[in-house]
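Engineer: Here it is, the structure in full.
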Amino acid sequence: MTSNYSKNAEESPEPCKAEVKGSIPSWLQGTLLRNGPGIFSVGATSYDHWFDGMAIMNSFAIKDGEVTYRSRFLRSDTYKSNMDANRIVVSEMGTMAYPDPSKNFIVKAITFINHTVPDFTDNGASNFIKYGKDYYATSETNYIRKIDPVTLETQDKVDYMKYLPVNLATSHPHYDKEGNAYNIGTSIADKAKTKYMLFKVPAVSEKDKDQAVPALKNVEVICTVPCRSLLTPSYYHSFGITDNYFIFIEQPLKLDILKMATAYMRGVNWASCLKFCPEENTLIHLIDRKTGKVVETKYFTGSMVVYHHVNAFEEDGHVVVDVIAYEDNGLYDMFYLSKLKENSEGQDEKYSRPVYKRFVLPLQSDKGVAVGEDLVKLKYTTASAVKEKEGKLKCEAEVLCRGFELPRMNYDFNGKKHQFVYGSNVEDSALANKLVKFDAETKERVFWSEDNCLPSEPVFIPRPNGESEDDGVVLATVISTDAALSDFILILDGRTFKEVARAYVTKGLKMDMHGFFIPQEN
């Protein structure tokens with residue numbers, strides 16, 4: 001199957017009615033937003049990495065059995081600067097932008113200074129975040145862009161740094177039933193310390209409900225975790241949460257800050273300043289949500305790279321943590337546009353296969369426990385946590401399955417014991433050609449696939465007052481690699497994983513990253 005990943009998308013800002021085949025459940029009312037890179041070349045310049053492309057946002061409004069589609073480019077400052085110059089002038093993680101050779105020395109000197117202390121991009125092409133009553137397009141820099149979730153128009157640019165000292169923040173926050181959001185960011189060399197900062201963005205209060213102010217103005221810092229090295233903080237993409245704990249994995253995939261400061265001068269991109277240290281352990285920090293303190297017990301495991309947490313929950317004095325783990329950081333390299341072209345042409349490429357791992361962190365004290373003893377007492381898992389001489393617990397995971405990524409589940413079970421996870425099947429390549437429903441208890445997998453189809457990350461929507469965890473539907477966008485066929489949004493039954501309906505769109509879709517569903521009442 002081939003798909004031109006470097007081809008620029010076309011936006012469709014006016015709503016278009018999709019052609020529905022099948023029957024959309026009457027209870028499914030709301031809007032699926034999806035976000036991802038859409039513009040890969042400007043003038044004579046091109047991005048090197050797929051993640052760097054300028055964002056295109058897609059909206060699928062589902063109402064009374066019909067689907068209305070629209071898309072817009074995110075009008076970020078990055079977008080405006082690049083378009084005004086008719087060339088890429090704002091650097092991204094995998095693509096360093098250099099000034100036009102015809103520019104004078106002053107312009108080049110200013111560009112150099114800007115890259116030594118980089119002012120990062122506001123090209124939010126990874127996901128959507130809800131803070132308070134507002135929706136934002138986000139990547140992982142200190143900038144997020146407020147958007148209108150109906151029209152997809154770009155609104156205010158918001159800088160985390162105005163509200164708390166984080167230079168980077170994840171695009172995968174957590175939400176509670178009250179509408180509070182929780183996230184984590186990295187504060188680099190603030191007051192000579194580099195630390196990870198867990199923060200809460202409260203739901204809109206009564207006094208602010210009619211005010212046009214960002215919810216971030218009421219942000220609360222819950223906890224800070226010191227970085228184990230001042231100038232090489234860990235890279236992370238998500239974190240875990242339960243009723244009583246946060247789970248933060250400090251992994252040996254690190255950002256070298258000094259190398260980043262000199263990358264422009266050395267003619268390399270910032271991504272080359274990410275270094276994987278396989279000789280180092282991975283630290284698992286457990287943070288008490290009530291006290292904001294890190295649990296005294298020190299948990300660690302071998303080197304690994306985690307982008308996506310699946311879920312975490314508490315059971316009988318243990319915290320169970322499910323993640324998708326890699327043995328190295330090769331996944332990022334798979335998405336250089338040159339590599340995607342090789343893959344689509346069927347050339348062999350070393351592929352770092354993801355593994356769905358389950359860690360179990362015992363909460364009980366290890367006093368009186370002998371060195372070498374396993375503190376995990378749950379009977380249904382082979383995961384272990386063995387006491388070492390220094391009192392640390394060495395955690396070994398149970399492997400639940402392989403070749404599984406982009407995990408999504410019934411978010412009503414977030415932080416609670418779950419059974420079902422939906423994701424992308426990526427056994428042979430980083431590019432998914434199947435969707436999968438995984439049963440974490442029986443280890444059974446059910447697939448959906450169709451010839452010449454590339455599905456996106458699946459998003460599960462629970463049926464109101466559903467009878468079971470998997471009572472609902474799964475939404476995914478699907479790109480057809482057959483030019484004669486249209487792209488579509490797919491709706492699967494959450495229990496049987498059989499197709500319920502699909503809605504064809506007249507405009508071509510692009511491979512994207514993550515999606516966010518807004519129920520109609522919101």
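Engineer: Do any GluC sites (Glu not before Pro) in region 156-233 lie in a loop, going by DSSP, with at most 12 other beta-carbon atoms within 10 Å of their beta carbon, and if so which?
Structural biologist: 178
Engineer: Using r as the Cβ-Cβ distance of residue 230 and residue 26, and R0 as 41 Å, what FRET efficiency do you calculate, to the nearest 0.05?
Structural biologist: It comes to 0.15.
Engineer: Between region 134-183 and region 271-326, what's the alpha-carbon centroid distance in Å?
Structural biologist: With region 134-183 and region 271-326 each reduced to a Cα centre, they are spaced 24 Å.
Engineer: In terms of Cα to Cα distance under 21 Å, which lysines are near enough to residue 191, apart from those fewer than 8 places away along the same chain?
Structural biologist: Excluding near neighbours in sequence, the set is 162, 254, 259, 293.
Engineer: While we're here: Around residue 303, under 9 Å between beta carbons, what's the net of Lys plus Arg minus Asp minus Glu among the other residues?
Structural biologist: Result for the neighbourhood of residue 303: -4.
Engineer: Further, regarding this structure: Have a look at the DSSP beta bridges in region 159-200 and tell me what percent are antiparallel, nearest 5.
Structural biologist: Of the beta bridges lying entirely in region 159-200, close to 100 percent run antiparallel.
Engineer: Mind jotting down the distance between the C-alpha centroids of region 448-522 and region 394-413, whole Å?
Structural biologist: 21 Å
Engineer: Shifting gears a bit: Given H placed 1.01 Å from N in the peptide plane, which residues other than close sequence neighbours of residue 46 have an amide H under 5 Å from its amide H?
Structural biologist: none
Engineer: May I ask you to list the GluC sites (Glu not before Pro) in region 446-505 that are in a DSSP loop and have at most 11 other Cβ atoms within 10 Å of their Cβ?
Structural biologist: The qualifying sites are 467.
Engineer: Contour minus end-to-end for residue 81 and residue 151, with contour as 0.36 nm per residue of separation and end-to-end as the Cα-Cα distance?
Structural biologist: 22.9 nm
Engineer: Report the rotationally averaged projected area of the chain based on its alpha-carbon convex hull, in square nanometres.
Structural biologist: 25.0 nm²
Engineer: Regarding region 256-332, what whole-number volume in Å³ per residue does the convex hull of its Cα atoms give?
Structural biologist: Convex hull volume per residue, Cα atoms: 142 Å³.
Engineer: Sticking with this structure for a sec: List the residue ranges in the chain for DSSP H helices whose C-alpha atoms run 18 angstrom or more along the long axis and whose Kyte-Doolittle average is 1.6 or above.
Structural biologist: Once both thresholds are applied, nothing remains.
Engineer: Also: Whose amide H sits under 5 Å from the amide H of residue 311, counting only residues 5 or more places off or on another chain, with H placed in the peptide plane?
Structural biologist: For residue 311, whose amide H was placed from the backbone, the distant partners under 5 Å are 322.
Engineer: I'd like the Karplus ³J(HN,Hα) series for region 407-422: coefficients 6.51, -1.76, 1.60, θ = phi - 60°, whole numbers in Hz, and an x wherever there's a Gly or Pro.
Structural biologist: x, 9, 9, 5, 5, 5, 9, 4, x, 10, 4, 10, 10, 10, 9, 10
Engineer: If you don't mind, there's one more thing I want to ask. Rounded, prolate or oblate: which one fits region 193-294, using the alpha carbon gyration tensor with axes a ≥ b ≥ c (rounded when a/c is under 1.5, else prolate when a/b beats b/c, else oblate)?
Structural biologist: It comes out oblate by the Cα gyration axes.
Engineer: Would you mind checking which residues have amide H under 5 Å from residue 303's amide H? H placed 1.01 Å from N; only 5 or more apart, or other chain.
Structural biologist: 282
Engineer: Right, another one. Which of the chymotrypsin sites (Phe, Trp or Tyr not before Pro) found in region 377-469 are loop residues per DSSP with 12 or fewer other Cβ atoms within 10 Å of their Cβ?
Structural biologist: Taking region 377-469 and a limit of 12 other Cβ atoms within 10 Å, the loop chymotrypsin sites (Phe, Trp or Tyr not before Pro) found are 380.
Engineer: Taking 0.36 nm per residue of sequence separation and subtracting the Cα-Cα distance, how much length would be gained by fully extending the chain between residue 452 and residue 342, in nm to one decimal?
Structural biologist: Length difference between fully extended and current span is 37.8 nm.
Bear in mind these aren't lab numbers, they're just calculated from the coordinates by the rules spelled out. As the structure is a prediction and not an experimental result, all values here were calculated from the model. Methodologically, a virtual Cβ is constructed for each residue, glycine included, from the backbone with ideal geometry; neighbour enumeration extends over all protein chains shown.
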